Amino acid sequence: MEKEAENIIEKVAFLYLKYGIKSITMDDVARELGISKKTLYNYFNDKTDLVSKVMDSFLSFHDNKSEHISGKNLNAIEEIFEVNIFLTHMLKEYNPSMAYDLKKYYPDIYKHFYEVRRDKMYNSVLANLKKGKREGLFRKEMNEEIIAKLHVSRIEGIFESNVFTVEEFTSPEFVFEIFNYHIRGIVNEKGLEMVNNKIKELKKINKNE
């Protein structure tokens, strides 16, 4: 994809995150980006095509972040803490209007996006669980397939239910508790000691900031 198209997608993603999808027309996009509608339609067939490519860009961003974390040569527990940091930052930009608009007005794109994201999340969690077993940090008797599905369903359920407010489940404290709950259920004694030391380090860092 040409660089200009990538720049457009990046800027439109910001608009969707801030204002939702429905309220942002192609005229709005052209005006906000300072380009003509003709230029916009050189790259995208219509708004549906633009929405689809924006959502694909979110998936690509998450893939790149996952690869970056995997490439840091961390152990399984350190990886989980890195994912926790990433999600904490990501949820700061979360806008429920965008998810609502996507589900209501672009159901096919919504279905594709969430199915792909679920599959990627499951495989990422599963790989981490297997890695933790190999490293002797996670419980050997654990069924990693079940735990991976359980963790993914728990994360998805938070967004789908009305039990928590948006302010609650996008807060750093909430994200930490979710991962703390998950990690303490999978580590062995050696892993638990590492988790506790890691939490102490983070608290010390946060206290000094």
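Throughout, read-outs are computed from the coordinates displayed, never taken from laboratory work. Not measured: the values here are computed from a predicted model. Counting neighbours? That spans all protein chains shown, and the Cβs are built from the backbone with ideal geometry, glycine included.
Observations, loosely collected:
- Euclidean distance between Cα centres, region 41-88 to region 113-163, Å: 17 Å
- Mean separation of Cα contacts under 8 Å (6+ apart) over length of region 47-208, as relative contact order %: 30 percent
- Using alpha carbons only: equivalent-ellipsoid semi-axes of region 100-209, gyration tensor based, whole Å: 29, 21, 11
- Equivalent ellipsoid semi-axes, region 35-84, via Cα gyration tensor eigenvalues times 5, rooted, Å: 36, 9, 7
- Nearest-20 debye value, region 24-115 charge dipole, Cβ charges on Lys, Arg, Asp, Glu: 300 debye
- Choice from GLU115, GLU93, GLU160 with maximal GNM fluctuation in the chain (Cα, 10 Å cutoff): GLU160
- Among the listed pairs LYS18/LYS72; LYS133/LYS200; LYS65/LYS140; LYS65/LYS190, those with a Cα-Cα distance over 25 Å are LYS18/LYS72; LYS65/LYS140; LYS65/LYS190.
- Using alpha-carbon coordinates, inclination of helix 144-160 to the longest axis of the chain, degrees: 50 degrees
- Dipole magnitude (debye, nearest 20) for the chain, charges at Cβ of Lys, Arg, Asp, Glu: 360 debye
- Relative to the longest principal axis of the Cα atoms of the chain, helix 47-70 runs at roughly 30 degrees.
- Aspartates and glutamates whose Cα lies under 13 Å from that of LYS203, excluding same-chain neighbours fewer than 8 positions away: GLU173
- Nearest-ten-degree value, helix 96-105 long axis tilted from longest Cα axis of the chain: 60 degrees
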